[in-house]
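Enquirer: What follows is a structure written as structure tokens; I'll ask about it next.
The values are calculated or read from the model by the stated rules, or taken from the named source; none is laboratory data. Note that the structure is predicted; figures quoted are calculated from it, not measured. We place every Cβ from the backbone using ideal geometry, glycine too, and count neighbours over all the protein chains shown.
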2 protein chains.
Amino acid sequence: MEKEKKAVREITSRDEDFAQWYTDIVKKAELADYSSVRGCIVVRPYAYAMWENIQRIFDGMIKATGHENVAMPLFIPESLLQKEKDHVEGFAPEVAWVTYGGSEELEERLCVRPTSETLFCEHFAHIVHSWRDLPVLYNQWCSVVRWEKTTRPFLRSREFWWQEGHTLHLDEADARRETLQQLEAYRTLLEKHLCIPVIAGQKTKREKFAGAEDTYTVEAMMHDGKALQSGTSHYFGDGFARAFEIQYSDKNNQLAYPHQTSWGISTRLIGGIIMAHGDDSGLVLPPDVAPYQAVVIPVAAHKPGVTERALELAETLKAAGLRVKTDLTDNSPGWKFAEYEMRGVPLRIELGPRDIENGQCVVVRRDNGEKTAVALDAIAETAQSMLKDYAAAIFKKAKDNLERNTVEARSMEEIKAAVSDKPRFVAAMTCGCEECETAVKEEAGLSARCIPFEQRHIADTCAVCGKSAKHMIIFGNAY
Amino acid sequence: MEKEKKAVREITSRDEDFAQWYTDIVKKAELADYSSVRGCIVVRPYAYAMWENIQRIFDGMIKATGHENVAMPLFIPESLLQKEKDHVEGFAPEVAWVTYGGSEELEERLCVRPTSETLFCEHFAHIVHSWRDLPVLYNQWCSVVRWEKTTRPFLRSREFWWQEGHTLHLDEADARRETLQQLEAYRTLLEKHLCIPVIAGQKTKREKFAGAEDTYTVEAMMHDGKALQSGTSHYFGDGFARAFEIQYSDKNNQLAYPHQTSWGISTRLIGGIIMAHGDDSGLVLPPDVAPYQAVVIPVAAHKPGVTERALELAETLKAAGLRVKTDLTDNSPGWKFAEYEMRGVPLRIELGPRDIENGQCVVVRRDNGEKTAVALDAIAETAQSMLKDYAAAIFKKAKDNLERNTVEARSMEEIKAAVSDKPRFVAAMTCGCEECETAVKEEAGLSARCIPFEQRHIADTCAVCGKSAKHMIIFGNAY
């Protein structure tokens, strides 16, 4: 018990210092390590296993809709990066430059990809000739580099891991359909699999991606009320196609430019999982991506038969499709309870000699600490249904947080008052102009997170300038 | 038929010009595209799907033996690369250097990882403290960069994709056990899943990895008689641990250095698949990694019911666990036959109105062109057993090539004579010294591929110097 208390005490309280709480969890749960290159992290096995589960789920979704994976080069020649004007302006200031290969200075410097639109476009120009070649539905899983000044593990690091989808379509309608389809895929990934509710919508002109015509986003609220931009999907029109001379012969043998999209999610989702669900005892993991969904802990493991029965129990659960760890180390049960609580394992299953006598085990839910005695011969179905309840409960908790901390405002005063004590989402009508959006940024410190698809009519006039309102925007502080 | 002939004619004959044949296949089968960075390729969907299958198979194997995946940073500070003397000498001349982050010159330049021993070691020093922390069994899937002068798609490119396992063990015995276990995993991957026979053995001192105490290898023979080093596994001793100050307290509370291994395979295996199995009509793919194992081609698809029955047939095969493509495009059946032959699809399944009447389909094996009429209600089991026969047949063909082109030599004259008309593997006894190995390199142009585990006693004396023989070495030309 002493050790248990100690382990928990080493994590700063969420409400005391949320940033320190986050850092403590990343370290204690062994999610990341710092490397000697500032701002670049090591993704440790426990976090990488979550990323692998996210990859498996999302890769299945995109393959089911006809996408194929490819691998593009790591390097972009400076001249290639410069081909699309808005794009280079957005990215050139924050890229890493390779200037030497071995001992020879390169004739043209190469940037380490911050994103791969330019590389995909160069390749598309080689492979697309006819309307028969469309659509092209490509994706790659890789890491990219952006030379950020301020970094935090998973949330903002100089190197991060992501997927980037890049697609080419016959016309605007099909490309726009793809853009929104992929945004919906992100919404499903977050809400159904990560148990994180999101607000889906369109980015304002000021916030859209460098080179895109329209950017769409799913925005999640963290426990502290701040926003995490969790996935974006872009419609490019034919701007890149024109810049990179990607053309195809249409059915009438006329040359035409295809329309393009790109869309991405990254390892920052791991930061999102930590901050959306975690509590003062540590992580609380969504079952679909938890490295293991249940941990079996034998109690009084030295007593005859206990270890064997614990292993049998684990095998039963594995056979039912659960990811299970059995901890047979000589650490005390109390230490183990605290350890797996901190690691956010959804179900802890205790099995001692008395449980065995009674033909049962004790299952403890990580989210609410509820203990249930479960008959050993019903453990597989019970564990599965408990995981479902658990997933629904942590989703609801995050949804309650989102709803409780979203407030409507009808004036700049109300916007500022809404976030005077803590970060919140502020829903306000605006006239749609960039000046009013900038005013909210400057006066209240909030950025436009998105123009949600689900609009509410809060007022007739813009909260900033008082002119006729165009749409509701969700403002917030963002990670 | 006209188109079919044309498609095949576009591939140069293997025996006429093997290098051009290889390049033709890479292009025609849409495996890779060149990028504007010299020596860096785009891995296209058809090749990437093979790589995904290799990853899935091998990742399953290493996880079953307790390994965990991680992600290490892309960059290595120059000072970190220099910590192990032999290692830096081996790699520093061929790395790409990042010197600028955004518009600022870096204080210390960073190399793009050519391999990640140094990064893993830095991390290991942070996380290993006690004997309880061992073994550490880590792996990562990523790309690495080596600034090669001469490049060929998959076989040698400036960027390539691979896995690198890095493990730490209590003592030499456990580390050596791991080194050989992983070499055996590579042998299984190649022989069982890629249908490529290998010679497993130890590298000579001259050929071992920079920084390793011992390097082990699996060497495959390509159709032209040249060798492809297909996977290597290294035992490092405690050299890196000492250089990076990785120490643990043993059970007696004494500080000790762990012993280390690393092991890797890469996308060059795709080159190996092309060159071990391909023929003048194109690729011949091993079923376990083929993007699709069967292609269903409706004949006279405009006739009522043909398309529907073709789709049904494909669904039956998919339900049995096969990867299947159905080609419903309006290209002619003849064009499709040639196309999928070139792409190396193991089974082509033709279904026309007469077949449907007879309750059958026609299955054509890619490796030998054999046509078999198969009852529709037996297609799933028949296809599965045909794939097994096919896999055994292409393995045997490659094995025959290996055996036919391996010759024994007892003198330098015999070594030279053995490869006077074409590349071959030459088995010769040597005294084990580096000078004799160098002489074979200089006089016969052959490198020591390995000291095979399966030794044969060819002669009592070294084929080069005539001194007492120590072991048999396999020499060859290598990709």
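Enquirer: Might you let me know whether the stretch A:251-266 holds any residue that is of a type outside the set (Gly, Ala, Ser), buried (at least 17 other Cβ atoms within 10 Å of the Cβ), in contact with a Gly (Cβ under 8 Å, 6 or more places away or on another chain) and outside any strand (DSSP E or B)?
Expert: No, that holds for no residue.
Enquirer: Could you list, in sequence order, all residues of the stretch B:272-302 that are part of a helix (DSSP H, G or I) and of a type in the set (A, V, I, L, M, F, W, C)? Let's see the steps before the verdict.
Expert: Quick first cut of the stretch B:272-302, residues part of a helix (DSSP H, G or I) only: B:272-277.
Within the stretch B:272-302, B:Ile273, B:Ile274, B:Met275, B:Ala276 qualify.
Enquirer: What pairs come out if I take residues in the stretch B:103-115 that are within 21 Å of A:Lys149 (Cβ to Cβ) and pair them with residues that are of a type in the set (A, V, I, L, M, F, W, C) whose C-beta lies under 6 Å away, six or more apart or interchain?
Expert: Matching pairs, first to second residue: B:Arg109/B:Trp97; B:Leu110/B:Phe75; B:Leu110/B:Val98.
Enquirer: Taking helices (runs of 4 or more DSSP H) that do not extend beyond the stretch B:1-95, which have at least 2 residues that are out of contact with any helix residue (DSSP H, G or I) (no Cβ under 6 Å at 6 or more places or on another chain) and under 25 Å from B:Thr151 (Cα atoms)?
Expert: In the stretch B:1-95, the matching helices (runs of 4 or more DSSP H) lie at B:18-28, B:45-64, B:85-91.
Enquirer: Quick test for you: out of B:Arg109, B:Arg132, pick the one residue that is facing chain A (nearest Cβ under 9 Å), more than 24 Å from A:Leu74 (Cα to Cα) and either crowded, with 20+ Cβ neighbours inside 10 Å or over 21 Å from the mean Cα position of the chain (by Cα) (or both). Spell out how you get there, then give the answer.
Expert: Details: B:Arg109 fails: more than 24 Å from A:Leu74 (Cα to Cα).
Being facing chain A (nearest Cβ under 9 Å), more than 24 Å from A:Leu74 (Cα to Cα) and either crowded, with 20+ Cβ neighbours inside 10 Å or over 21 Å from the mean Cα position of the chain (by Cα) (or both) holds for just one of B:Arg109, B:Arg132, which is B:Arg132.
Enquirer: Right, here's the next one. Quick check: is even one residue across the stretch B:454-471 within 15 Å of B:Pro197 (Cα to Cα) and either outside the structural domain of B:Leu347 (by TED's automatic domain parsing) or assigned to a strand (DSSP E or B) (or both)? Talk me through it step by step, then tell me what you get.
Expert: If we filter the stretch B:454-471 for residues that are within 15 Å of B:Pro197 (Cα to Cα), which is where we start, we get B:454.
Within this subset, residues satisfying the condition of being either outside the structural domain of B:Leu347 (by TED's automatic domain parsing) or assigned to a strand (DSSP E or B) (or both) are B:454.
There is at least one residue in the stretch B:454-471 that is within 15 Å of B:Pro197 (Cα to Cα) and either outside the structural domain of B:Leu347 (by TED's automatic domain parsing) or assigned to a strand (DSSP E or B) (or both).
Enquirer: Within the stretch B:175-192, is even one residue within 14 Å of chain A (Cβ to nearest Cβ) and of a type outside the set (Ser, Thr, Tyr)? If you could, list the steps in order and put the result at the bottom.
Expert: The initial filter retains those residues of the stretch B:175-192 that are within 14 Å of chain A (Cβ to nearest Cβ), namely none.
The answer is no; no qualifying residue exists.
Enquirer: Given the condition within 21 Å of B:Phe453 (Cα to Cα) and of a type in the set (A, V, I, L, M), answer yes or no: does some residue in the stretch B:263-281 qualify? Full working, then the answer.
Expert: At the first step, the residues of the stretch B:263-281 found to be within 21 Å of B:Phe453 (Cα to Cα) are B:263-265.
From the residues that got through so far, the ones that are of a type in the set (A, V, I, L, M) too are B:265.
Yes, some residue in the stretch B:263-281 is within 21 Å of B:Phe453 (Cα to Cα) and of a type in the set (A, V, I, L, M).
Enquirer: Residues B:Ile41, B:Ile62, B:Ile57: which one is under 24 Å from B:Gly231 (Cβ atoms), touching a residue at least 40 places away in the same chain (Cβ under 8 Å) and either charged (D, E, K, R) or crowded, with 21+ Cβ neighbours inside 10 Å (or both)? Before you say what the answer is, go through the steps one by one.
Expert: On the way: B:Ile62 fails: either charged (D, E, K, R) or crowded, with 21+ Cβ neighbours inside 10 Å (or both); B:Ile57 fails: either charged (D, E, K, R) or crowded, with 21+ Cβ neighbours inside 10 Å (or both).
Exactly one residue qualifies, and that residue is B:Ile41.
Enquirer: Among the residues of the stretch A:85-102, count how many are within 7 Å of chain B (Cβ to nearest Cβ) and among the small types (Gly, Ala, Ser).
Expert: Adding up the residues that qualify gives 3.
Enquirer: Would you confirm whether or not the stretch A:115-128 contains a residue that is more than 7 Å from every other protein chain (Cβ to nearest Cβ), hydrophobic (A, V, I, L, M, F, W, C) and touching a His at 6+ places or on another chain (Cβ under 6 Å)?
Expert: yes
Enquirer: Report, ordered by the first and then the second residue, all pairs with beta carbons closer than 7 Å, sequence separation of six or more or different chains, a first member in the stretch A:122-138 that is β-branched (Val, Ile, Thr), and a second member that is part of a helix (DSSP H, G or I).
Expert: Correct list of pairs: A:Ile127/A:Asp133; A:Val136/A:Phe124.
Enquirer: Please determine, by comparing only the residues of the stretch B:148-167 that are facing chain A (nearest Cβ under 10 Å) and either out of contact with any helix residue (DSSP H, G or I) (no Cβ under 8 Å at 6 or more places or on another chain) or at pLDDT 95 or above (or both), which one is nearest to A:Asp33 (Cα to Cα). Explain how you work it out, then say what you get.
Expert: Of the stretch B:148-167, the ones facing chain A (nearest Cβ under 10 Å) are B:148-149, B:157-161.
Narrowing the set further to residues that are either out of contact with any helix residue (DSSP H, G or I) (no Cβ under 8 Å at 6 or more places or on another chain) or at pLDDT 95 or above (or both) leaves B:149, B:157-161.
Details: B:Lys149: 35, B:Ser157: 31, B:Arg158: 28, B:Glu159: 26, B:Phe160: 26, B:Trp161: 24 Å.
So, considering only residues that are facing chain A (nearest Cβ under 10 Å) and either out of contact with any helix residue (DSSP H, G or I) (no Cβ under 8 Å at 6 or more places or on another chain) or at pLDDT 95 or above (or both), the one nearest to A:Asp33 (Cα to Cα) is B:Trp161.
Enquirer: Kindly provide the set of residues from the stretch A:143-176 that are over 25 Å from A:Met72 (Cα atoms) and either free of Cβ contacts under 8 Å to residues at least 12 places away in the same chain or buried (at least 23 other Cβ atoms within 10 Å of the Cβ) (or both), ordered by number.
Expert: A:Lys149, A:Thr150, A:Pro153, A:Ala173, listed by residue number.
Enquirer: Hey, which of the strands (runs of 3 or more DSSP E) in the stretch A:100-178, taking only ones fully inside, have at least 3 residues that are closer than 27 Å to A:Lys251 by Cα? It would help to see each step written out before you state the result.
Expert: Working: elements: A:104-112, A:136-145, A:159-169.
Answer list for the stretch A:100-178: A:136-145, A:159-169.
Enquirer: So, one more: For the stretch B:281-337, give me each residue that is small (Gly, Ala, Ser), buried (at least 18 other Cβ atoms within 10 Å of the Cβ) and under 19 Å from A:Lys63 (Cβ atoms).
Expert: Within the stretch B:281-337, B:Ala290, B:Ala294, B:Ala314 qualify.
Enquirer: A further question follows. Answer yes if at least one residue in the stretch B:31-38 is β-branched (Val, Ile, Thr), facing chain A (nearest Cβ under 8 Å) and under 30 Å from A:Tyr100 (Cα atoms), and no otherwise.
Expert: Step one: filter the stretch B:31-38 for residues β-branched (Val, Ile, Thr), giving B:37.
Checking which are facing chain A (nearest Cβ under 8 Å) leaves us with B:37.
Add one more test, that the residue is under 30 Å from A:Tyr100 (Cα atoms), and what stays is B:37.
Looking for residues that are β-branched (Val, Ile, Thr), facing chain A (nearest Cβ under 8 Å) and under 30 Å from A:Tyr100 (Cα atoms), one finds at least one in the stretch B:31-38, hence yes.
This table checks each residue for (1) at pLDDT 95 or above; (2) assigned by TED's automatic domain parsing to the domain that holds B:Val145; (3) out of contact with any Lys or Arg (no Cβ under 8 Å at 6 or more places or on another chain).
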{"position": "B:Ser249", "(1), (2), (3)": "yes, yes, yes"}
{"position": "B:Gln254", "(1), (2), (3)": "yes, yes, yes"}
{"position": "B:Pro258", "(1), (2), (3)": "yes, yes, yes"}
{"position": "B:Val284", "(1), (2), (3)": "yes, no, no"}
{"position": "B:Pro304", "(1), (2), (3)": "no, no, yes"}
{"position": "B:Ala319", "(1), (2), (3)": "yes, no, yes"}
{"position": "B:Met342", "(1), (2), (3)": "yes, no, no"}
{"position": "B:Leu347", "(1), (2), (3)": "yes, no, no"}
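Enquirer: Scan the stretch B:50-84 for residues that are more than 7 Å from chain A (Cβ to nearest Cβ) and more than 17 Å from the chain's Cα centre (by Cα) and report the count. Reasoning before the result, please.
Expert: We begin by selecting, within the stretch B:50-84, every residue more than 7 Å from chain A (Cβ to nearest Cβ); these are B:50-51, B:53-67, B:76, B:78-79, B:81-84.
Of the ones still in play, those that are also more than 17 Å from the chain's Cα centre (by Cα) are B:63-67, B:76, B:78-79, B:81-84.
Within the stretch B:50-84, residues that are more than 7 Å from chain A (Cβ to nearest Cβ) and more than 17 Å from the chain's Cα centre (by Cα) number 12.
Enquirer: Let me ask you something else. Could you tell me which of the residues A:Glu30, A:Glu104, A:Glu89 is closer than 30 Å to A:Thr261 by Cα, assigned by TED's automatic domain parsing to the domain that holds A:Gly264 and among the acidic types (Asp, Glu)? Let's see the steps before the verdict.
Expert: Values: A:Glu30 fails: closer than 30 Å to A:Thr261 by Cα; A:Glu104 fails: closer than 30 Å to A:Thr261 by Cα.
Only one candidate qualifies: A:Glu89.
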